[in-house]
Amino acid sequence: MEALVATMRDAETVEQRRDALAEFGDSLRDHIRWEEDVLFSETERWLVRGEMTALAGEIDGRQPEHPVEVPPGPSTGSVNPTAN
């Protein structure tokens, strides 16, 4: 995933960025499906309700108060994203 982010950031053409973004989206979708299909069902199977509630509280406590700000990437100098 980090390599795809680097490719999206450093790619020389819009097409390379689009390809990396599409691959990133596919990988993210696959990971989320794995969490839904495997991780969550196994968690529900092995943890009792009180443990799940405690875990949810711990996860909530780790969330940042404010969204993380992402600095702008390098500009292509073009307003049209298909130019390049």
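The values are calculated or read from the model by the stated rules, or taken from the named source; none is laboratory data. It should be emphasised that the depicted structure is a prediction, and the values quoted were computed from it without experimental measurement. All Cβ positions, glycine included, derive from the backbone under ideal geometry; neighbour counts span all protein chains shown.
Counting only residues that are of a type in the set (D, E, K, R) and at pLDDT below 80, which one in the stretch 50-84 is nearest to residue 13 (Cα to Cα)?
Going through the stretch 50-84, the residues of a type in the set (D, E, K, R) turn out to be 51, 58, 60, 62, 65, 69.
Applying the additional criterion that residues be at pLDDT below 80 yields 65, 69.
On the way: 65: 36, 69: 25 Å.
Looking at residues that are of a type in the set (D, E, K, R) and at pLDDT below 80, I get 69.
A count restricted to the stretch 1-59 and to residues that are among the β-branched types (Val, Ile, Thr) and over 20 Å from the mean Cα position of the chain (by Cα) stands at 5. Scanning the stretch 13-54 for residues that are outside any helix (DSSP H, G or I) and free of Cβ contacts under 8 Å to residues at least 24 places away in the same chain, we see that the one that is surrounded by the fewest Cβ atoms within 10 Å (Cβ to Cβ) is 48.
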